[in-house]
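Heads up, the thing below is written out as structure tokens.
Read the figures in this text as sums done on the coordinates, not as results from a lab. Owing to the predicted nature of the structure, the values given are computational and were not obtained by experimental measurement. Here the Cβ is made from the backbone with ideal geometry for all residues, glycine too, and neighbour counts use every protein chain on show.
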Amino acid sequence: MAIYPNNAGVIFEQIQRVEEGKNALSRITLGSHTGTHIDAPAHIHAEAAGALAYPLEQMNGACEVVDVSQLDNVITASDIPPTRAERVLFKTRNSAGDSNEFADDFVALDDSAANELVRRGIKLVGLDALSIRKRGTKNRVHDTLLDNHVVILEGVWLAGARAGEYELLCLPLKIDLDGALARAVLRELK
């Protein structure tokens, strides 16, 4: 999988093999913002709450996938169509890329988009990039969302998802760090 620059690499290490009287045992080393994950306030503020600050109910339930794959650079407030769900995932051209390669030119949100999502009362916003903020920018996307208790779900892979309404099942690891790896699945509504 792609790794954001300066994030810890992923290492799988077998530390014990199956032998008589022993089971196999492996060690996994990776960063708290690897793959699909949520960001916590502690990601941007010292002494702030970790990932356990969010109730599971906030991360699970009705969700809308918004396809903005025609955009080249950033998602602005004017790019966000009317939405009905309290959880929104943005499908961008990022999902058409290689999930194993970090693309430095990924599409992300700008400040106006973050402010608009807060204005709408969104509980969770997700993006098919490893950061919701454009790399190299000095905007306040993380601050705006996290300071308003909006869960940020990064690294979702939406290549096969069509725009529309779904049920989001998002289960982060029960760890109270600056971020938490998560298994996020969309279930089609019947």
Seminar exercise, completed: Inter-part gap, Cα centre of the stretch 24-57 to Cα centre of the stretch 162-185, in whole angstrom, is 11 Å
Problem set entry | Inverse of mean 1/r across different Cα pairs in the stretch 1-107, Kirkwood, Å | 17.5 Å
Exercise. Å³ per residue of the Cα convex hull, for the chain?
Worked result: 144 Å³
Exercise. V118 to Q70: FRET efficiency via 1/(1 + (r/R0)^6), r the Cβ-Cβ distance, R0 35 Å, to the nearest 0.05?
Worked result: 0.90
Exercise. Dipole magnitude of the stretch 31-188 about its Cα centre, charges +1 at Lys/Arg Cβ and -1 at Asp/Glu Cβ only, in debye to the nearest 20?
Worked result: 200 debye
For this session: Please give the contour-minus-distance gain from I28 to F102: 0.36 nm per residue of separation, less the Cα-Cα distance, rounded to one decimal in nm.
Result: 24.6 nm
For this session: With a Förster radius of 22 Å, plug the Cβ-Cβ distance of T137 and N7 into 1/(1 + (r/R0)^6) and report the FRET value to the nearest 0.05.
Result: 0.80
Problem set entry | Theoretical gain in end-to-end length, A159 to L56 [0.36 nm per residue, Cα-Cα removed] | 34.6 nm
